[in-house]
Protein chains: 2
Amino acid sequence: MKLNPYYDDLKQNYLFATIEEKVAAIKEAHPGKSLIYMGIGDVTLPLSDSVTAAIKAACDEMATPAGFHGYGPYRGYDFLLDAIRGYYKARGVELARDEIYVGDGAKTDTACFSDLFDRDNVVAVADPVYPVYFDSNVMDGRPITLLAATRENDFLPLPDESLRADVIYLCSPSNPTGAVYSKEQLKLWVDYANAHDALILFDAAYEAYITQDDKPHSIFEIEGARNCAVEFCSLSKNAGFTGTRASYVVIPNVLERGGKNLGKLWLRRQSTKFNGTPYIIQRGAAAVFSEEGQREVLSMVGYYQENARMLASAFTELGVYFTGGVNSPYLWFEAPNGETSWGFFDRLLNEVGVVSTPGAGFGVNGEGFLRLTAFNTHENTKEACERLKKMF
Amino acid sequence: MKLNPYYDDLKQNYLFATIEEKVAAIKEAHPGKSLIYMGIGDVTLPLSDSVTAAIKAACDEMATPAGFHGYGPYRGYDFLLDAIRGYYKARGVELARDEIYVGDGAKTDTACFSDLFDRDNVVAVADPVYPVYFDSNVMDGRPITLLAATRENDFLPLPDESLRADVIYLCSPSNPTGAVYSKEQLKLWVDYANAHDALILFDAAYEAYITQDDKPHSIFEIEGARNCAVEFCSLSKNAGFTGTRASYVVIPNVLERGGKNLGKLWLRRQSTKFNGTPYIIQRGAAAVFSEEGQREVLSMVGYYQENARMLASAFTELGVYFTGGVNSPYLWFEAPNGETSWGFFDRLLNEVGVVSTPGAGFGVNGEGFLRLTAFNTHENTKEACERLKKMF
């Protein structure tokens, strides 16, 4: 038998493995050293009361013959679909119930959505980029065109006449740069997609971090998007579901390509290759959208936003160029004196014990930059700011 | 942009939709009619005490800063991997911890495993067959060869000289026929695969239902299997996880094709396209393998097995040909007087109110047969037996 030949084209995913090795080495060499972890984008605050209460109540249901739930509906339970609809409606976006598909994570959803595409599509991804968009298409053998995200365009690439792309991945607020598109900028992408029969896959996983009122949380706030866009969102970064796993995909019912309805294709894919998000997790996810749940989300996101503000203030004070921090839990900053990503990563780690992520790990244009996350305690973040000040 | 052209080759999945329509129609026409559902293979008993206790305790952990778990290890947590190892060891199969990969369902795992294969492989599946093996390969555009499962071979196809297959799906005990391979028969498949550089994907989702001591629960009980087989298993049908979602894949460390390690490829696939089974669900899954959990599994499986025995006795008494029931929660029986699957399905539904699944829905060779499940109460199963007796 023959293996998928395209796996050979993947870069080995050394980024976080290399970071782990370097951290392990310094811990061995200096066992007492104080390290502050601001590398991997994983949340730190515990699950909220209303989420755990809902999951535990659902467990109690599942322990009774009358309350037991076996295979669930492929799209997700109506109680969760309606909760998500309510969340969108509060921002002025009307969705039909059957335009929402519950999943187990935006990573899975964005990576697997490409199952619906022919191999012969040109895929556009930003550089630097969340590696999943890139790798999942490499695995399928699709040609990829890189959209340069640089200091010159504020790390927000836009379409131009020369671009030829069939599928476009946009992440706003961006992982890794924290940059966020304005409505006018997203409109340019929507217009491009509608003019060129392209499809936008819009990753809104960080929308809860937007603080500026004029920035769009959903691509469906943009006119014309229902004809060219699919939106992905997750409960990982707002409600702390990184280890609990729930997400949703929004596919407008009008969205067609080649005369075919994208929602129906995705449902066919999901009903063949997925068996739904656990009932108890869907109950926990629905609690996130309750009044109390939203208060808790605001409080959790607010806690991380305060960390982001601390980091942003430190960089501003130091005169360091950065993006993110304002509408994002990520800060993307330039290394001093033209140092490389990995060079400054090593110095940050060895000299002041701060673990970051080298920007070069996200793409060629990430060279010279680093990413810090706001997912930490106030105390650690404050201490990290003090340590950073010694480095510039 | 171009869509995946192979989705056009899928049969629309009318089977269970059609069944639902027919059931809805009869409910409307005869609102008071007593119906017994023995169609879809979904469990009915509630989650066990030790599982719900473990999940709720894990929820409490997740609600504390010290006990919070974010992104987990891609393979699954060691506590679950070790629990699964212990389960295999008790049956004489030694596995290394890094030969096990926790997933969210055997459907997802078997369907997505084909991501690792080139399009240019001939895939062999039984006919009749669990539709997921077939459909997931149609979606990828792979040629499929059907292994006729008929009354003549006891619904257990075996390899012969003429077979050309690169990837072979085997499900034992079988969904839908309930037939189970002997060690000698599986050895023929293992020898075929090793001689022809083929790969066996062995679905053991129903292994807990095996009552005959000499039947293999795992393909790794067969000599040579570590060089040619991957095993899939699930907690759905033994511990009632159809709505809770946990599974595992076993890939021997020695298993290579084209000089490449299959386990490493699967880990690369999973780390790009999946973010793990929820922590709380993994805690519940580990409880299944505890001493108390295994007692509960025996009791649940035993309950369904008693239903299967009742159905088997009824068919035996009636002189109806059937497979399954002994080592499986499914009974696969022949319609009387050469009736078609759908013809007898309709009569069962209309005349005695028993909902079955027409065998023709699982493949051409399923014509003339029907499937009943043992996932029901004793009372309903007993009543169903009485009703069946009126039909032959």
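Table for the structure above
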item	result
Region B:170-248-region B:1-58 distance, computed between alpha-carbon centres (Å)	24 Å
Stokes-Einstein D (µm²/s) once Rh is taken as the Kirkwood radius of region B:22-80 over alpha-carbon pairs, at 20 °C in 1.002 mPa s	133 µm²/s
Förster radius 35 Å - calculated FRET efficiency between residue B:291 and residue B:9, Cβ distance, rounded to 0.05	0.15
Cβ neighbours within 10 Å from other chains - mean over B:251-262	1
Phi to ³J(HN,Hα) by Karplus 6.51 cos²θ - 1.76 cosθ + 1.60 over region B:76-83, Hz, x for Gly, Pro	x, 6, 4, 4, 7, 4, 5, 5
Separation in nanometres of the label points that stand 7 Å from Cα toward Cβ, at residue A:152 and residue B:90	6.5 nm
Label point distance in nm, residue B:254-residue B:16, each placed 7 Å from Cα along Cα→Cβ	3.9 nm
Neighbourhood charge, 11 Å Cβ-Cβ cut-off, centred on residue B:209 and excluding it, Lys, Arg +1 and Asp, Glu -1	+1
Net dipole in debye of region A:70-286 [+1 Lys, Arg Cβ; -1 Asp, Glu Cβ; about Cα centre; nearest 20]	800 debye
Residue with peak Gaussian network fluctuation, chain B [Cα springs, cutoff 10 Å], from B:153, B:253, B:238	B:153
Teacher prompt: residue A:86 distances to equivalent labels in other copies, 7 Å Cα→Cβ, nm	4.2
Modelled FRET efficiency - R0 41 Å, residue B:29 with residue A:227, Cβ distances, 0.05 increments	0.45
Dipole of region A:1-152, positive end: most advanced residue of A:40, A:116, A:92 [Cβ charges, Cα centre]	A:40
Cβ charges +1 (Lys, Arg) and -1 (Asp, Glu), total dipole of the protein assembly as shown, debye	420 debye
Other-chain or far-sequence residues with amide H under 5 Å of residue A:168's (modelled H)	A:124, A:199, A:200, A:201
Total charge dipole magnitude, chain B, about the Cα centre, Cβ charges on Lys, Arg, Asp, Glu only, Debye to nearest 20	580 debye
Per-bin percent of Cα-Cα distances, region A:70-286 [10 Å]	8, 36, 39, 15, 1, 0
Placed amide H near residue B:144: partners under 5 Å, 5+ positions off or other chain	B:123
Net charge over other residues, Cβ less than 15 angstrom from the Cβ of residue A:315 (K, R count +1; D, E count -1)	+4
Integer Hz, Karplus 6.51/-1.76/1.60 couplings in order for region B:330-344, x for Gly and Pro	9, 10, 10, 10, 8, 5, x, 6, x, 5, 6, 4, 6, x, 6
Listed residue (A:128, A:141, A:153) projecting farthest to the positive dipole end of region A:70-286, Cβ model	A:141
Rotational relation B to A, axis-closest Cβ in chain B, residue and distance rounded to whole Å	B:56, 3
For residue A:284, net neighbour charge (Lys/Arg +1, Asp/Glu -1) across residues whose Cβ lies under 11 Å away	+3
Square roots of five times the Cα gyration tensor eigenvalues for the protein assembly as shown, Å	47, 27, 26
Range of Cα positions in chain B per principal axis (Å), largest first	58, 55, 52
In sequence order, calculated HN-Hα J values of region B:242-250 (Karplus, 6.51, -1.76, 1.60; Hz; x Gly/Pro)	4, x, 10, 6, 8, 7, 8, 10, 10
Built amide H within the under 5 Å cut-off of residue A:3, gap 5+	B:118
Per-copy distances of the residue A:261 label point, shortest first, in nm (7 angstrom along Cα→Cβ)	4.6
17 Å Cα-Cα reach of residue B:2 towards lysines, excluding residues that sit fewer than 8 places from it in its own chain	A:260, A:264
Calculated label separations, residue B:224, copies of the chain, 7 Å along the beta-carbon direction, nm	6.3
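Read-outs: derived from the displayed coordinates by stated rules, not from any lab. Note that the structure is a prediction, hence the values are computed from the model and not measured. Cβ: placed from backbone, ideal geometry, glycine included. Neighbour counts: every protein chain shown.
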